[in-house]
1. Across segment 189-198, what is the total count of residues that are more than 19 Å from R161 (Cα to Cα) and out of contact with any helix residue (DSSP H, G or I) (no Cβ under 7 Å at 6 or more places or on another chain)?
2. Consider segment 61-105. How many of its residues are part of a loop (DSSP other than H, G, I, E, B), charged (D, E, K, R) and closer than 22 Å to E167 by Cα?
3. Considering only segment 103-124, I want to know if a residue exists there that is basic (K, R) and touching an Asp or Glu at 6+ places or on another chain (Cβ under 7 Å).
4. Can you go through E130, E182 and tell me which one is among the charged types (D, E, K, R), in a helix (DSSP H, G or I) and closer than 14 Å to Y210 by Cβ?
5. Kindly list, by first and then second residue, each pair from a residue in segment 41-61 that is without any contact (Cβ under 8 Å) to a residue 60 or more places away in the chain to a residue that is assigned to a loop (DSSP other than H, G, I, E, B) and among the polar types (S, T, N, Q), limited to pairs with Cβ atoms under 8 Å and residues at least 6 apart or on different chains.
6. Within the bounds of segment 76-86, is there any residue that is modelled with pLDDT of 95 or more, within 19 Å of V208 (Cα to Cα) and among the hydroxyl-bearing types (S, T, Y)?
7. From the list A62, A19, which one is modelled with pLDDT of 95 or more, buried (at least 17 other Cβ atoms within 10 Å of the Cβ) and farther than 27 Å from R207 by Cα?
8. Residues of segment 81-91 being buried (at least 24 other Cβ atoms within 10 Å of the Cβ) and closer than 16 Å to G49 by Cα, which ones?
Amino acid sequence: MNPLLIANWKMNPATLAKAEALFRSYALPTKTGATVVVCPPAPFLLPLGKLHKKQPKLKKIAFGAQDVGPANGGAFTGELSPSILKDAGANYVIVGHSERRAAGETNQRINDKVKTALAANMHVLLCVGEAERAHDGAELAVIKDQIDAALDGVPKTQLGRLTICYEPVWAIGTGNPASAGEAIEVGLFILRTMASRIGKHPRTAVRVLYGGSVTSENAHEYLEHDVLSGFLVGGASLNGKSFLGILNALTS
């Protein structure tokens, strides 16, 4: 599987004009060697999709959504179903981000979203991570519980469209990232956790990404030992030069 680089723009930029300018700054080299996915605010998906078709260096970029509804239709005011998101051009979706969990999203709600999105043939980017820094292994129990809850009832045949993003909450947007050793250790644990569900070596079927204060300067440190397959990038994705610097670290 190719490395995977996700840009999570969150609630940025403030206008479509700025979003288009940011997207243009993502001009990819002819051969990237990685899958690049942009997750803009949902209203920008369609107009960026039109720009995507007109610019040769943007055509290889895929689109994702920052969230998805718990069902593929029905009376869910304010939610966006997989069908709506796919029609707008998104084939990937972030589920269970720590900011959504902090806003009250429960494990059951995350499980509903994961099952709905996977059943609709979307690629799910499942976020897991502990709230406080730990050095005694306590974070591993938290992460296992989050994975088990999110994937409860998910058929094994659908797990090929799952990517797990390790985002320690204490590292997101703080400028204080997990060390490469910490991230790789957790990545190995996630792969072992998935092994029992997949029935084969998970490294061949599931990507594990790291997110949390990733920059073009520190990205290469996380890629040793062939454990982590890419990054979920927040703040650094709002600058094209920084984001492409991370891509270069991922593919060089």
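1. 0
2. Taking segment 61-105 first, the residues part of a loop (DSSP other than H, G, I, E, B) are 61, 66-81, 88-89, 96-97, 103-105.
From what's left, charged (D, E, K, R): 67, 79, 105.
Now drop any that are not closer than 22 Å to E167 by Cα, which leaves 67, 105.
The number of residues fulfilling the criteria is 2.
3. For segment 103-124, residues basic (K, R) and touching an Asp or Glu at 6+ places or on another chain (Cβ under 7 Å): absent.
4. E182
5. Between residues of segment 41-61 that are without any contact (Cβ under 8 Å) to a residue 60 or more places away in the chain and residues that are assigned to a loop (DSSP other than H, G, I, E, B) and among the polar types (S, T, N, Q), the close pairs are P41/N12; P41/Q66; A42/Q66; K60/T32.
6. No: segment 76-86 contains no residue that is modelled with pLDDT of 95 or more, within 19 Å of V208 (Cα to Cα) and among the hydroxyl-bearing types (S, T, Y).
7. Details: A62 fails: farther than 27 Å from R207 by Cα.
Going through A62, A19 in turn, just one is modelled with pLDDT of 95 or more, buried (at least 17 other Cβ atoms within 10 Å of the Cβ) and farther than 27 Å from R207 by Cα: A19.
8. Once the filter is applied, which keeps residues that are buried (at least 24 other Cβ atoms within 10 Å of the Cβ) and closer than 16 Å to G49 by Cα, segment 81-91 yields L85, A90.
The values are calculated or read from the model by the stated rules, or taken from the named source; none is laboratory data. Values in this document were obtained by computation on a predicted structure and should not be read as measured data. Note that we place each Cβ from the backbone using ideal geometry, even for glycine, and neighbour counts take in every protein chain shown.
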